[in-house]
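The values are calculated or read from the model by the stated rules, or taken from the named source; none is laboratory data. Note that the structure is predicted; figures quoted are calculated from it, not measured. Glycine gets a Cβ as well: all are built from the backbone with ideal geometry, and neighbour counts include every protein chain shown.
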Amino acid sequence: MRVALRCVLGLGLVLVGYLLGASGVLTPHAARAQIEPDSRPSQEAEDKIRAAFAALRDAADLLEQEGRYRLATGGINVFAVTVGGVDAVDDLEKGRGVDPETFAALYAGRATKDIADFLSYDDKGRLLYKNKVVQMYSVERLKRLFQERLRYSGPAGISTK
């Protein structure tokens, strides 16, 4: 009797498992951050983004003229502009870390030709510049830069929504 009961319970568990699996009730769903957006921003939002980039480009040009902005990657470094300037090439040369946007852009293959010639990877997959591991700025330096950014952004930069 016990053997038959165990068989029936075992088959019942298999059947319940099959039904739950087939119905998809317990199927994990993609996190919101992993879901590709299915639409573009509104035209008004796109216009504001373009205007923001135009202003950033102007600020970057001024910072570059003042010797406070030198890139190791292509495009505009929004982080560098909004903290009042960064010399990413000097940071790389001295091996003291780079800002977060330069770090990401280097890993994404966006280095300028002059920098790209000296990039490689080690056996652990870490990015190297002239055989030194490329790291991000220290936590202390990042905190100072974000504090500097607040000087320029005013109350609008404090929001944590």
Take the residues of region 98-120 that are of a type in the set (S, T, Y) and either assigned to a helix (DSSP H, G or I) or touching a residue at least 40 places away in the same chain (Cβ under 8 Å) (or both): which is surrounded by the most Cβ atoms within 10 Å (Cβ to Cβ)? T102
Considering S138, S120, which residue is farther than 27 Å from A54 by Cβ and within 20 Å of the chain's Cα centre (by Cα)? S138
Answer yes if at least one residue in region 127-144 is touching a residue at least 60 places away in the same chain (Cβ under 8 Å) and under 25 Å from L56 (Cβ atoms), and no otherwise. no
Are there any helices (runs of 4 or more DSSP H) wholly within region 1-91 with 2 or more residues that are at pLDDT below 80, and if so which? 2-23
